[in-house]
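The structure appears below as C-alpha cells.
Every number here is computed from the coordinates shown, using simple stated rules; none is lab data. Remember, predicted model here, so these are calculated numbers, not experimental data. A quick note on method: Cβ atoms are made from the backbone with ideal geometry, for glycine too, and the neighbour counts reach across all protein chains shown.
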Amino acid sequence: MDVCYLTWETPIGSLTAIQEGEGLGALCQTHRMDLCGLEERKTPLLEAVRQQMMEYFSGKRKVFDLPLSLKGTPFQKEVWNALRQIPFGETRSYKELAQMVGNPKACRAVGMANHNNPIMIVVPCHRVVGSDGKLTGYAGGLSLKAALLELEKKYR
C-alpha cells in the first residue's frame, strides 16, 4: 500500500496528513507524528485534506468529505464513526457517546477509543466532554481542545 504525507501551516500550528492507499489514515499536529521512511508528496487526496482543513479554520466548512482509511478494532471504528455524527459546534459526553454505540456502560472504553483516534478534527474527538460539561483529555492538550470548540461555536 502506498503511504505518503503532506505538512502545512494552520492557525493551530503545523499539521500533517498521512495518506494510506486511497484514504486519509492520519491527521495530527506535525510534532506528534513519526514520518520516518515516508515520502512527502502532494496527492489529490492530501491537497483536498489541506484545502478542507483551511476551509474549516476559516468557518467555511462544517462537514468533511474525505475518504478515510481508519485502522483499529471494530469497537474503535464504531466509536470513530459515532464521533463523526456529532454536529459541528456541539458536544457529547463520553456516556452519550457510549450510548450512541449501543454500550452505555462502556464509557472508559469509549474514552480509550477516543484517545486512539488517528484523525483529529475530521473525526472530531475534541467534541467529547465530561458528563459535567467540562473539558477532559485531548491528545493536543486542553487549550487546543478549547480553541477548536470556540472556533466551532464562533462559526456555528
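Things worth noting here:
- For segment 102-117, a tally of residues being in a helix (DSSP H, G or I) and touching an Asp or Glu at 6+ places or on another chain (Cβ under 9 Å) returns 1.
- Residue in segment 79-91 that is among the polar types (S, T, N, Q) and over 24 Å from ARG156 (Cα atoms) present: no
- Test: residue in segment 140-152 that is over 20 Å from PHE75 (Cα atoms), assigned to a helix (DSSP H, G or I) and polar (S, T, N, Q): yes
- Applying the criterion of being assigned to a loop (DSSP other than H, G, I, E, B) and among the hydrophobic types (A, V, I, L, M, F, W, C) to the residues of segment 76-101, the residue that is farthest from the chain's Cα centre (by Cα) is VAL101.
- Residues being surrounded by 12 or more Cβ atoms within 10 Å (Cβ to Cβ) and either more than 17 Å from the chain's Cα centre (by Cα) or assigned to a helix (DSSP H, G or I) (or both) are entirely absent from segment 58-70.
- When segment 112-156 is filtered for residues that are more than 20 Å from ALA17 (Cα to Cα) and hydroxyl-bearing (Ser, Thr, Tyr), the ones remaining, listed by number, are SER131, THR136, SER143, TYR155.
- Whichever residue in segment 124-152 is among the basic types (Lys, Arg) and farther than 15 Å from PRO11 by Cβ and, among such residues, is surrounded by the most Cβ atoms within 10 Å (Cβ to Cβ): ARG127
- Criterion applied to VAL49, VAL122, VAL63, VAL79 was being hydrophobic (A, V, I, L, M, F, W, C) and more than 26 Å from THR7 (Cα to Cα), and the one residue passing it is VAL79.
- Filter result (closer than 19 Å to VAL49 by Cβ and in contact with a Phe, Trp or Tyr (Cβ under 6 Å, 6 or more places away or on another chain)) within segment 127-145: none
Rundown of residues vs (1) farther than 16 Å from ILE119 by Cβ; (2) aromatic (Phe, Trp, Tyr), yes/no style:
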site	(1), (2)
TYR5	no, yes
ILE18	no, no
GLY21	no, no
ARG61	no, no
PRO67	no, no
LYS71	no, no
PHE75	yes, yes
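- Screening segment 1-57 for strands (runs of 3 or more DSSP E) wholly inside it with 2 or more residues that are over 24 Å from LYS145 (Cβ atoms) returns the ranges 3-10, 13-20.
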